[in-house]
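The values are calculated or read from the model by the stated rules, or taken from the named source; none is laboratory data. Predicted model only: the values in this text are computed from it and were never measured. Cβ: placed from backbone, ideal geometry, glycine included. Neighbour counts: every protein chain shown.
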Amino acid sequence: MRYAETGFHLEIDLSRGNIERVASDPRSTEIYLGGQGTAAKILWDRVPPEVEPFSPDNLLIFSAGLLVGTPVVGANRTVVTTISPRNDLYKDSVFGGFFGPELKHAGYDKIIIRGKAPDLVYLWINNDKIEIRDATHLRGKGAIETVALIREELKEPKAQVATIGLAGENRVYFATIEHLNASASRGVGPVMGDKRLKAIAVRGTKDLNIAHPAELFEICSRMYQEIYDNPRCGDALKYIDEYSLEWHLNNFAWGNARERRKDFWNDEIAKKYEESEKRVRVRGTACYNCPKDCHHVIAYPGRSLYFQKCYSELTYMMAAYEDRDFNYNIVGLTQEYGLDGYSAPQVLAFGVELYNAGILTDQDLPGFPSGNGERFFYLLEKIVHREGIGDALANGVYYAARQIGKGAEEFDHNTIKKIEQVPLKLGMINYPYFLMHATGEKMNITQIEGSYPQAAIPDRKEREEYVRQWDAAPERFKKYFLEWEPREHPSIEAAVNIVDWNETMHYVDDAVGICAFLSSFTGQWGPKPPYHIYNLPKLISLASGLDLDPDKLWEIAKRNRNLIRAINVSRGLRRVDEKPPADHWKKRNPEMEQKMLDAYYEFKGWNQDGIPTKKTLDGLGLDYVSKEFIKRGILKENDGAPS
Amino acid sequence: MNGDSKKKIVKEIKIDIDKCIGCRACEVACSAFHANPKYSSINPARSRIRVVMDELNNEYVPILAGDYTPAECPGRHTFLINGKQYSECSFCRASCPSRDLFKEPDSGLPLKCDMCESDPPLPEPMCVQVCRTDALTYVEREEEVKEEEVSEDEVEIGLDALIDKYGLQKIEETFARMSLAKKG
Ligand code: SF4
Ligand code: SF4
């Protein structure tokens, strides 16, 4: 019997309308755990670098993490994996809510989609009954609206739905896949649109088995209380005081990632914001099996009821220099269209900047309004319909800049590997952050940072106390933290280790499906994140029956990290691509930065071009990767071997 | 004892729908507890508490499975509460033919909340234990009751449903045949 997982994948070929239920290899679970890890292996095996994102041969994989559907509190993440048109590289994005658990109960760990439907369809998974259904009547429907329509049509109010909006249908590069209170972003939506798959609806009523039930449940019952009581986990914008609205407004950049307004916040604004919130907020809701009510239900006049998720809480208003009411209004629309709350605001602000600079003219933007907010709404329509200049903007800042030309490239100043980044413009270079931005496969800092605190504690006594309570940290980090004085740079050794730990925890979460707000993203806010490298192995073992300890779990995360790196390397990613936006920090130190990068590559077991060496790959059991690299001339036979 | 009044503990789960955050931990815990062996599998579809959820209407109503009923209601009421419409079904505890709530997913047999009967007794029913927002709270109070009540057990509820579905005769026949076969 399989535990925690169902042991089955659903293979859907949209070109041929073929549906297959395929048993998965239990060894794959032992080696890559699940979720992102097992999906990356499938992508490596079946989507060679010659396959383009919009080819029918590209795969779109929905994976419920290994612990999803077990009683482990907050294990509810589904990860979507594909090759994205954003930069022709590996992309995954994780979403919470209720989709993953429902999929497991329907009897599947993954949905693997290939091909392209002749016209718009949706997938209806009702336990063993699977249908590819016509969705032409849903064309252009909003992502929230679609959920209601599909549930009604199927007469199944309990169906969980993941769907694209108009943006996804029109292959806008920063289109999302929406699931009411959660969404998958970073460029996976356009692939779903390209496959002409409007939505997936799932309903499942089967048992999911647990390897060591009584013991696991005993721990989980305690975790409900612990997580509920822990004030330093859950959606950062909702739960973490010093990471609140004020902090974001004063520290993040406004406009097209241009300007910090350090004293923006005052009592009057605080009051106004509170009033805006009161007007529209209806209640807080949670994801499956988690006691944190992270999502605000928003009732904005004229919009469908929608869920405010952390990241888009401020991004549109800051990009447009608008107020909070504007943000609530536009998010009600962008969630229907299905747009990434990081990228979309920056693309819109970029468009406004190009107009102000005279690069885009009234000819490109007939009837362009004068107010910033109105301009955002105007551009939004152009983009989701891919109309006129919107067709270029729909490809994201990087490609749009090059398509538009006339100096527009100069305004593309906040992308890494062609993807818009969190709008941070800071003073002094921070080396761990430099490394995370430059080298992270996720290409979004929030998916890489999170276990090691962002700031030193000035008071030595407090620092000692922090370290005393810090069960989540391996010993070396306690030492680094104790030695860390404010405004001092960590040593090279400390910096590379910090980056490694931060990203390792994300690789764990994204394989097992635990919410990062309870784990990999939340360690930085205090010494007691609910989940960490020392308590996760036991939970995974009890649920799945796998034999794990912290070292073995770390090793799996490392393997998955290298495998995903390998996919990107096979698609051409090299050291030259590994740099943060030039103006991310005012004070840079190019020489030290390169030293850091050298050290990091070495620490990771990669050569100086950022390619995992044969020794590293073989040591992780990824010899099929090293063989392929040698065959393709990416590595030489003796690369990385001791000289 | 007949006709005497006696004291009885009345167990009650109070539901505050305004506090419900729609996490469905109650469903997870209930289905785990009632699995055989205990906790060995999870399946909200087997839970005896269900959160009737319509996210687009901001509706989150935890309902405990009540009695089985062979027929659906002839008509349905709509409730207007705080300016919001709820169908009567949102609050109905019945395991009824018009929905798949409170039925075993494989057999279709009705499920009923047993307040987590257990030996030794639980301090609180499972769903209440995991509901950290206090949308569910547990109260016990003593009440005078006239007669000893005959409580239907699960087998009886199940048989009742089967009789409704197939008719008494068919069930009797099947039962007789199975008894013979089992006895060899
Ligand atoms: S912490 Fe928040 S986002 Fe994470 S699972 Fe719980 S409710 Fe969802
Ligand atoms: S556990 Fe409580 S808050 Fe969560 S769904 Fe059930 S009743 Fe609602």
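Give me the pairs, please: first residue somewhere in the range B:29-47 and at positive phi and at the interface with another protein chain (Cβ under 7 Å from one of its Cβ atoms), second residue anywhere and in a loop (DSSP other than H, G, I, E, B) and surrounded by 24 or more Cβ atoms within 10 Å (Cβ to Cβ), beta-carbon distance under 7 Å, and either six or more positions apart or on two chains.
B:TYR39/A:ILE210
Among residues belonging to the range A:208-222 that are surrounded by 20 or more Cβ atoms within 10 Å (Cβ to Cβ) and assigned to a helix (DSSP H, G or I), point out the one that is nearest to ligand 1 (Cβ to nearest atom).
A:CYS220
What number of residues within the range A:223-278 are of a type in the set (A, V, I, L, M, F, W, C), part of a loop (DSSP other than H, G, I, E, B) and touching a Phe, Trp or Tyr at 6+ places or on another chain (Cβ under 7 Å)?
The total comes to 2.
Given the conditions (1) more than 13 Å from every other protein chain (Cβ to nearest Cβ); (2) out of contact with any helix residue (DSSP H, G or I) (no Cβ under 8 Å at 6 or more places or on another chain), report the number of the one that A:ALA286 does not fulfil.
Exception for A:ALA286: condition (1).
Could you list, in sequence order, the residues of the range A:163-181 that are among the aliphatic types (A, V, I, L, M) and either more than 14 Å from every other protein chain (Cβ to nearest Cβ) or under 17 Å from A:TYR342 (Cβ atoms) (or both)?
A:ILE164, A:LEU166, A:ALA167, A:VAL172, A:ALA175, A:ILE177, listed by residue number.
Which count do you get for residues in the range B:4-26 that are in contact with a strand residue (DSSP E or B) (Cβ under 6 Å, 6 or more places away or on another chain), closer than 29 Å to A:GLY284 by Cα and either within 16 Å of ligand 1 (Cβ to nearest atom) or aliphatic (A, V, I, L, M) (or both)?
Final tally of qualifying residues: 8.
Which pairs turn up if I take residues in the range A:203-217 that are more than 7 Å from chain B (Cβ to nearest Cβ) and look for partners that are part of a strand (DSSP E or B) with beta carbon separation below 7 Å, at least 6 apart in sequence or on another chain?
Once the first residue is more than 7 Å from chain B (Cβ to nearest Cβ) and sits in the range A:203-217, its partners that are part of a strand (DSSP E or B) give A:ARG203/A:ASN126.
Quick one: A:GLY341 ticks every box in (1) under 19 Å from A:SER185 (Cα atoms); (2) in a helix (DSSP H, G or I) bar one, so which box is it?
Tallying (1) under 19 Å from A:SER185 (Cα atoms); (2) in a helix (DSSP H, G or I), A:GLY341 fails exactly one: (2).
For every residue, the table says whether it meets (1) among the basic types (Lys, Arg); (2) without any contact (Cβ under 8 Å) to a residue 12 or more places away in the chain; (3) in a helix (DSSP H, G or I); (4) under 17 Å from A:SER276 (Cβ atoms).
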residue: A:SER312; (1), (2), (3), (4): no, no, yes, yes
residue: A:VAL347; (1), (2), (3), (4): no, no, yes, no
residue: A:GLN363; (1), (2), (3), (4): no, yes, no, no
residue: A:GLU374; (1), (2), (3), (4): no, yes, yes, no
residue: A:LEU379; (1), (2), (3), (4): no, no, yes, no
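Out of (1) within 16 Å of ligand 1 (Cβ to nearest atom); (2) free of Cβ contacts under 8 Å to residues at least 60 places away in the same chain; (3) surrounded by 20 or more Cβ atoms within 10 Å (Cβ to Cβ), the odd one out for A:VAL331 is which?
Condition not satisfied by A:VAL331: (1).
Whether any residue in the range B:94-112 is away from chain A (no Cβ under 13 Å), of a type outside the set (Asp, Glu) and within 16 Å of ligand 2 (Cβ to nearest atom) is what I want to check.
no
Only one residue in A:VAL72, A:VAL51 is in contact with a strand residue (DSSP E or B) (Cβ under 8 Å, 6 or more places away or on another chain), in contact (Cβ under 8 Å) with a residue 40 or more places away in the chain and outside the structural domain of A:ASP340 (by TED's automatic domain parsing). Which one?
From the options A:VAL72, A:VAL51, the qualifying one is A:VAL72.
Check B:GLU88 against each of (1) within 14 Å of another protein chain (Cβ to nearest Cβ); (2) at negative phi; (3) more than 14 Å from the chain's Cα centre (by Cα) and name the one condition it does not meet.
Failing condition for B:GLU88: (1).
Confirm whether A:GLU475 is at pLDDT 95 or above and surrounded by 24 or more Cβ atoms within 10 Å (Cβ to Cβ).
No.
Is it the case that some residue within the range A:27-39 is within 16 Å of ligand 1 (Cβ to nearest atom) and either of a type outside the set (A, V, I, L, M) or more than 30 Å from A:SER519 (Cα to Cα) (or both)?
Yes, the range A:27-39 contains at least one residue that is within 16 Å of ligand 1 (Cβ to nearest atom) and either of a type outside the set (A, V, I, L, M) or more than 30 Å from A:SER519 (Cα to Cα) (or both).
Within the group A:PRO345, A:PRO291, which residue is crowded, with 22+ Cβ neighbours inside 10 Å and within 16 Å of ligand 2 (Cβ to nearest atom)?
A:PRO291
Give the residue that is nearest to A:ALA344 (Cα to Cα), with candidates limited to residues of the range A:226-257 that are within 14 Å of another protein chain (Cβ to nearest Cβ) and without any contact (Cβ under 8 Å) to a residue 40 or more places away in the chain.
So, considering only residues that are within 14 Å of another protein chain (Cβ to nearest Cβ) and without any contact (Cβ under 8 Å) to a residue 40 or more places away in the chain, the one nearest to A:ALA344 (Cα to Cα) is A:PRO231.
For A:ASP263, are the conditions met, namely being within 16 Å of ligand 2 (Cβ to nearest atom), more than 25 Å from the chain's Cα centre (by Cα) and surrounded by fewer than 24 Cβ atoms within 10 Å (Cβ to Cβ)?
No: the conditions fail for A:ASP263.
Taking strands (runs of 3 or more DSSP E) that do not extend beyond the range A:104-146, which have at least 1 residues that are out of contact with any strand residue (DSSP E or B) (no Cβ under 9 Å at 6 or more places or on another chain)?
A:129-134
For the range A:303-338, give me the residue count where each residue is farther than 24 Å from A:THR146 by Cβ and charged (D, E, K, R).
Qualifying residue count, the range A:303-338: 4.
Can you tell me which residue within the range A:258-278, out of those that are of a type outside the set (S, T, N, Q) and touching a residue at least 24 places away in the same chain (Cβ under 8 Å), is nearest to the other protein chains (Cβ to nearest Cβ)?
A:GLU277
Which numbered condition trips up B:LYS11, out of (1) within 11 Å of chain A (Cβ to nearest Cβ); (2) surrounded by 11 or more Cβ atoms within 10 Å (Cβ to Cβ); (3) away from ligand 2 (no atom under 11 Å from the Cβ)?
Answer for B:LYS11: the failing condition is (1).
Say we look at the range A:297-318 and pick out the residues that are at pLDDT 95 or above and in contact with a strand residue (DSSP E or B) (Cβ under 7 Å, 6 or more places away or on another chain); which of these is nearest to ligand 2 (Cβ to nearest atom)?
Step by step, filter the range A:297-318, then rank; the result is A:VAL297.
In the set A:SER304, A:SER312, which member is of a type outside the set (Asp, Glu), over 30 Å from B:CYS127 (Cα atoms) and within 16 Å of ligand 1 (Cβ to nearest atom)?
A:SER312
So B:GLU142 ticks every box in (1) away from ligand 2 (no atom under 16 Å from the Cβ); (2) out of contact with any helix residue (DSSP H, G or I) (no Cβ under 9 Å at 6 or more places or on another chain); (3) closer than 29 Å to A:GLU156 by Cβ; (4) more than 14 Å from every other protein chain (Cβ to nearest Cβ) but one. Which box is left unticked?
It fails just one condition, (3).
Would you point out which residue out of A:ILE132, A:ILE111 is touching a residue at least 40 places away in the same chain (Cβ under 8 Å), within 18 Å of A:LYS198 (Cα to Cα) and surrounded by 21 or more Cβ atoms within 10 Å (Cβ to Cβ)?
Only one candidate passes the filter, namely A:ILE111.
Report those strands (runs of 3 or more DSSP E) wholly inside the range A:1-65 carrying at least 2 residues which are within 24 Å of the chain's Cα centre (by Cα).
Ranges flagged: A:8-13, A:60-64.
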